[in-house]
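One structure is given here, and the rest of the page talks about it.
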2 protein chains.
Amino acid sequence: MKDTMISSLLDDKVITRLKEIFGADRVMTGKTDMITYSYDASFETQLHPREPEVAVIALSTEEVSECVKLANDYQIPVYPRGAATGQTGGAVSTKGGIMIDLSKMNRIVEIDYKNMQAIIEPGVVQNDLNEALKPYGLRFPPDPGSANMCTIGGMVANNSSGLRAVKYGVTRHYVLGMEVVLPTGEVIVTGGAKSKALKSVSGYDLAHLLIGSEGTLGIMTRLRLKLLPLPVTRGIVLCSFEQLEQAGEAVNAVFSSGLQPSAIEIMDFNCTKAVKMMKPEIDLPLDCEAVLVFEVDGAKEEVTSQVNRLKKVVEPYTNFLRFSDEPDECEQLWQARKLVGASVGLLKPGGFRVYGGEDICVPISRLPETLRAIHNIAEKYGIVCGIYGHVGDGNMHTGPVINRNNELEMTNVQKMIDDIHELAIEMEGTTTAEHGVGLVRAKYMDLEHGAAMDVMRAIKKTLDPNNILNPGKMALPN
Amino acid sequence: MKDTMISSLLDDKVITRLKEIFGADRVMTGKTDMITYSYDASFETQLHPREPEVAVIALSTEEVSECVKLANDYQIPVYPRGAATGQTGGAVSTKGGIMIDLSKMNRIVEIDYKNMQAIIEPGVVQNDLNEALKPYGLRFPPDPGSANMCTIGGMVANNSSGLRAVKYGVTRHYVLGMEVVLPTGEVIVTGGAKSKALKSVSGYDLAHLLIGSEGTLGIMTRLRLKLLPLPVTRGIVLCSFEQLEQAGEAVNAVFSSGLQPSAIEIMDFNCTKAVKMMKPEIDLPLDCEAVLVFEVDGAKEEVTSQVNRLKKVVEPYTNFLRFSDEPDECEQLWQARKLVGASVGLLKPGGFRVYGGEDICVPISRLPETLRAIHNIAEKYGIVCGIYGHVGDGNMHTGPVINRNNELEMTNVQKMIDDIHELAIEMEGTTTAEHGVGLVRAKYMDLEHGAAMDVMRAIKKTLDPNNILNPGKMALPN
């Protein structure tokens, strides 16, 4: 492979040393490779790809450590990257430098089923771990939509979650410890150097500082994860509401009843419409502002009991209700929710679904007014959108649909995205519940956090004095 | 009140300023008051009380901020304190300075039941919050043994938990955000300056750095807590095992079956004996190495189902089993476990139960050998002890019982405590699962954490450059 694009930062000496560390076949500088590493799943990097100068494929902690040491010595930026399924531009270069690809550090080191934990490398894909855990009757609960592609390292870096967070929490809740390469190249282990304890309050919990720090404070090279038993079976209640407010009331009534659904998903009228366009035979009413899908889990008879209680609680609010505690029927009822992501683009002929402002989260009580406000914003800019999400957390995924060749829509969708993020903060919410900050939400950070940003910047400066790790993300120094 | 004990650090100017901030009646320097503030619930501070030079009672964030600013200007140590129910000497002075009593900042600011959260001041006692939440069908789940006395600020500072952590997690999992006075006196809000979101990944999660930092990085003045629905009802299975190993196998079998008990408590043979000494009529066998108490929760019919499943799973391992899904009977079955703390002192006539080495946690699979090893250590030093704890997490509370007038026992119990902590690390465990480090476990931190301690010290130095906040704790600089 020909070495090209080597800037002044990255002189031959550095490339030579990288080849010593990784072997020549795992050090890439060719244009095609750089393009491959120039984007993630974000709209922003699709519009503006950002190429690194060199990419390396890491296979061990020692390699990562040596690479970071080298980068720190020469003050060259390093960008850790997993499967690049992120929506925020978190795993791309901001100013040349070294892309460190961790997706091949994908060994499941140990499944210690007796102690309800697994030790893995960061490149393990979420579904692969769960497949490996099945024979033990265990699972790693966090369930992002990209579970069949995303690496667990990426999930930890972003503190990902998904639709079952309402009962099972987020990735953070399942990280017991980690081995981390610090920005100096030094390797530490958090949560006890040799610990396999399930619970500890010994010392600052550095793992919890690193979780969600998006590769700006260290590169995780090994993760110790907490596992849970597989749920035996599931049940579904699907129902629709004439008014958004009734859906909100139904959710409150369910929580007040003492029920703890494993998922509470919402789809607005546009999502319902899009799903019907894709699959007209699907059993969903169109005369409603919102559809809710409740899932419960447990042993068979407990599920039946929960489904019956749920039905009773939501019936007064709904004008359409389907339910089941049989696996096949449940699968069918889930289908409506499953098809949303794929169908929302149908809302506009030739439409392109933009990921932007797609991850805000507001207090549950403010969901109805927030959904209405988003549609008002969309209308103001002449853009159609569908809104769906994890209503039990208040987390809403807005899907604006535009024509990419329409310049006005391209401009307006950016304005719409800004407005949605500002709306989230106005509604006492957050700009991102599970996708992260990266490049695309950096500009809202000061508004959202105020003086706390100074503390974040001070911590970054302490751990990464030369600012080499994933610089220019999260409103930290570029 | 007469000003006494004023050292060179704390000149009249400082006392005068403290009186301006708090009002003269909330600034104390008298000997009796200093003694009151010189210990917590730890054995260490009972042996060696440590008096501050002045104590102030804070009622507002502004007061705390002004006090910390003053302390930072004059480089005077400040020790935050709640109810002082801690077992580690975390809330006492190490070198004179200012004790800041937060127990009167005990307002429940808001119960936002629609959004499943509460905003409180740090001095609110855990049970008081839960009493206030009952009418809403909600609760704040973490349940330390001291719930009727301990402040939630202290729980967050120590990341406390309790017997239901096996299902519901630890305090950390229920903190959504906090207002904190930094060691400079500056006030920040973590998790979004104005947020009421239930889920966020925006920026470094500073709350998670502060949780468990034992008052060394900031003083929390307001907490935003996540709430859960009250469980409708509970069920109990109590069973005993001839051999410790069978108890371990039973726990593994329960997890493998997909059941998620809300508590799994263990009592060793000495605890059983002590409970029987206190209450001979209690229905417990003496011919066993361990007793397990499983609790399940949920709606009535779900509890009945879970109790039946549990019984089936544990029956092959046990030689004695009682169960119930009726509240009164459950209460009776719990009694055995409830009496342990109070009865363990009976193991020796005139015995005094020492809190030391009382909070180790090991991987579940190593519980039987750890329990045996602790009894061997106890035997080596001629000390009797009972061991009980949260077996689902591997967290064991060892209760050595000594005669405080016996010098040899007083010396030996300290050696025993050291041995137990070292054993915990040897067994791939941790020295503390829920009680914290404070003064008493500082000496084991380097052994437990290795190079990670440098990162903790660097963060402490960054946020508290003058080392004024709770100095000398957690193996951070004195």
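Okay, residues lined up against (1) aromatic (F, W, Y); (2) under 30 Å from B:G191 (Cβ atoms); (3) surrounded by 21 or more Cβ atoms within 10 Å (Cβ to Cβ):
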position: A:Q332; (1), (2), (3): no, no, no
position: A:S343; (1), (2), (3): no, no, yes
position: A:E358; (1), (2), (3): no, yes, yes
position: A:V362; (1), (2), (3): no, yes, yes
position: A:E369; (1), (2), (3): no, yes, no
position: A:N376; (1), (2), (3): no, yes, no
position: A:H390; (1), (2), (3): no, yes, yes
position: A:N395; (1), (2), (3): no, yes, yes
position: A:G399; (1), (2), (3): no, yes, yes
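For region A:240-278, filtering for residues that are touching a strand residue (DSSP E or B) at 6+ places or on another chain (Cβ under 6 Å), more than 14 Å from chain B (Cβ to nearest Cβ) and assigned to a helix (DSSP H, G or I) leaves 5. Within region A:106-146, the set of residues being closer than 17 Å to B:A253 by Cα and not charged (D, E, K, R) comprises A:I111, A:Y113, A:N115, A:M116, A:Q117, A:L133, A:P135, A:Y136, A:G137, A:L138.
For B:E281, the conditions (1) part of a strand (DSSP E or B); (2) of a type outside the set (K, R); (3) within 20 Å of B:L321 (Cα to Cα) all hold with the exception of (1). Scanning region B:180-193 for residues that are at the interface with chain A (Cβ under 7 Å from one of its Cβ atoms) and touching an Asp or Glu at 6+ places or on another chain (Cβ under 6 Å) returns B:V189, B:G192. Region B:129-239 holds helices (runs of 4 or more DSSP H) entirely within its bounds, and those carrying 1 or more residues that are over 19 Å from the mean Cα position of the chain (by Cα) and not acidic (D, E) map to B:206-210. Which residues, taken from region A:442-476, are charged (D, E, K, R) and either facing chain B (nearest Cβ under 7 Å) or part of a helix (DSSP H, G or I) (or both)? Answer for region A:442-476, where residues must be charged (D, E, K, R) and either facing chain B (nearest Cβ under 7 Å) or part of a helix (DSSP H, G or I) (or both): A:K443, A:D446, A:E448, A:D454, A:R457, A:K460, A:K461. Taking (1) at pLDDT 95 or above; (2) farther than 30 Å from B:R353 by Cα; (3) not in a helix (DSSP H, G or I); (4) not hydroxyl-bearing (S, T, Y) in turn, B:M1 satisfies each apart from (1). Examine region B:433-440 for a residue that is more than 21 Å from the chain's Cα centre (by Cα) and either buried (at least 23 other Cβ atoms within 10 Å of the Cβ) or more than 7 Å from chain A (Cβ to nearest Cβ) (or both), and state whether such a residue exists. Looking through region B:433-440, none of the residues is more than 21 Å from the chain's Cα centre (by Cα) and either buried (at least 23 other Cβ atoms within 10 Å of the Cβ) or more than 7 Å from chain A (Cβ to nearest Cβ) (or both).
Those residues that are closer than 17 Å to B:D418 by Cβ, part of a loop (DSSP other than H, G, I, E, B) and in contact with an Asp or Glu (Cβ under 9 Å, 6 or more places away or on another chain), I need them from region B:356-399; list them, please. The answer is B:G356, B:G357, B:D359, B:V362, B:Y381, B:G382, B:I383.
Return yes when A:S213 is within 8 Å of chain B (Cβ to nearest Cβ), farther than 24 Å from B:H390 by Cα and among the hydroxyl-bearing types (S, T, Y) and no when it is not. When the stated conditions are applied, A:S213 passes them. Any idea which residue in region B:134-148 is modelled with the highest pLDDT, counting only those that are out of contact with any Gly (no Cβ under 8 Å at 6 or more places or on another chain) and more than 13 Å from A:G258 (Cα to Cα)? Top of the filtered list is B:F140.
Scanning region A:28-43 turns up one or more residues that are within 24 Å of A:S213 (Cα to Cα), within 23 Å of the chain's Cα centre (by Cα) and acidic (D, E).
The values are calculated or read from the model by the stated rules, or taken from the named source; none is laboratory data. What you see is a predicted model, and the numbers here were worked out from it, not measured in a lab. Every residue, glycine among them, receives a Cβ derived from its backbone with ideal geometry; neighbour counts consider all protein chains shown.
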